[in-house]
């Protein structure tokens, strides 16, 4: 027999098998030796909500770009995986992006009547600029919550470079920043699909192809050992620049993976970033390294971004 208990029907255990609930699952509740079946169903969606992560971290979504730290690869296109002579990286930059690198440093030249990625001499290693930017475009298309920086040491006319961005459908994703204005948050760049922030050493201006040394300050890049790492403000206009790059690589006389393994150790890298922040009063926005795959570069950047507070 059925009995009533405080608005619920009580059904003897012997009479119950399995009771489907409102969500299509099966559940029973044991109360005082009987099964209690509540009357009515809730239409509340119990699906867990996943918070958006920008560049891999929830903390970065509402942070302005000038208060985030990006891992940058020095001469990103120059890798042993792609067969370049005297490489600066172990893996190709398509792998770099998959691993968590979010800033690519490129050198561009006019070679064989075409725009190319090269480092000093194209015979030592090369890639058509369009081919390289196509890999960037593919990554952005497959990863809609990511914002990338590109800095270009350019020996090209701006028109030739921009044409490659047009050919790869990246042109409309390039963000243009006005000096003196606040940088948008990563969330804003993502929502507006302006997820590519591009700077050049020469020929920059408007329309998302920005002059690097108007917006950036960096420290000296000619270090022969870790003892040479400096925080002196070197290139850039301190009156207009709001971004700070920390060069953290050894060139003696070329990049060496063993030097990078030492330089990229957690304590050494963290100390350099912290010292530069204290000495300049600028928060590092890019740490530029050789052989990012050695040492603890990605972990340092992750910890740095999680510990920094929005000013």
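Checking the structure you have, find out if any residue of region 64-71 is under 30 Å from residue 147 (Cβ atoms), in a loop (DSSP other than H, G, I, E, B), assigned by TED's automatic domain parsing to the domain that holds residue 212 and modelled with pLDDT of 50 or more. Checking region 64-71: at least one residue is under 30 Å from residue 147 (Cβ atoms), in a loop (DSSP other than H, G, I, E, B), assigned by TED's automatic domain parsing to the domain that holds residue 212 and modelled with pLDDT of 50 or more. Within region 274-301, the set of residues being buried (at least 19 other Cβ atoms within 10 Å of the Cβ) and more than 18 Å from residue 90 (Cβ to Cβ) comprises 276, 282, 284, 285, 286.
Taking the stated definitions as given, is residue 221 surrounded by 17 or more Cβ atoms within 10 Å (Cβ to Cβ), in the same structural domain as residue 166 (by TED's automatic domain parsing) and either assigned to a loop (DSSP other than H, G, I, E, B) or in contact with a helix residue (DSSP H, G or I) (Cβ under 6 Å, 6 or more places away or on another chain) (or both)? So residue 221 fails the test.
Looking only at region 234-262, which residues are in contact (Cβ under 8 Å) with a residue 40 or more places away in the chain and either surrounded by 18 or more Cβ atoms within 10 Å (Cβ to Cβ) or outside the structural domain of residue 84 (by TED's automatic domain parsing) (or both)? Across region 234-262, the qualifying residues are 242, 243, 244, 245, 246, 247, 248, 249, 250, 255.
Scanning region 176-188 for residues that are buried (at least 20 other Cβ atoms within 10 Å of the Cβ) and in contact with a helix residue (DSSP H, G or I) (Cβ under 7 Å, 6 or more places away or on another chain) yields 177, 183, 186.
This table checks each residue for (1) surrounded by fewer than 23 Cβ atoms within 10 Å (Cβ to Cβ); (2) on the phi < 0 side of the Ramachandran plot; (3) at pLDDT 95 or above; (4) in the same structural domain as residue 303 (by TED's automatic domain parsing).
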residue: 88; (1), (2), (3), (4): no, yes, yes, yes
residue: 99; (1), (2), (3), (4): yes, yes, yes, yes
residue: 120; (1), (2), (3), (4): yes, no, no, yes
residue: 127; (1), (2), (3), (4): yes, yes, yes, yes
residue: 138; (1), (2), (3), (4): yes, yes, yes, yes
residue: 141; (1), (2), (3), (4): yes, yes, yes, yes
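If the condition is being closer than 25 Å to residue 138 by Cβ and outside any helix (DSSP H, G or I), then region 155-176 contributes 156, 168, 169, 170, 174, 175, 176. Every condition in (1) at pLDDT below 95; (2) surrounded by fewer than 18 Cβ atoms within 10 Å (Cβ to Cβ) is met by residue 204 except one, and the failing one is (2).
Using the structure shown, decide if residue 101 is assigned to a strand (DSSP E or B), closer than 20 Å to residue 216 by Cβ and touching a residue at least 60 places away in the same chain (Cβ under 8 Å). Spelling it out, it is not the case that residue 101 is assigned to a strand (DSSP E or B), closer than 20 Å to residue 216 by Cβ and touching a residue at least 60 places away in the same chain (Cβ under 8 Å).
The values are calculated or read from the model by the stated rules, or taken from the named source; none is laboratory data. Since we're looking at a predicted model, the values are computed, not measured. Please note: Cβ atoms are built from the backbone with ideal geometry, for glycine as well, and neighbour counts cover all protein chains shown.
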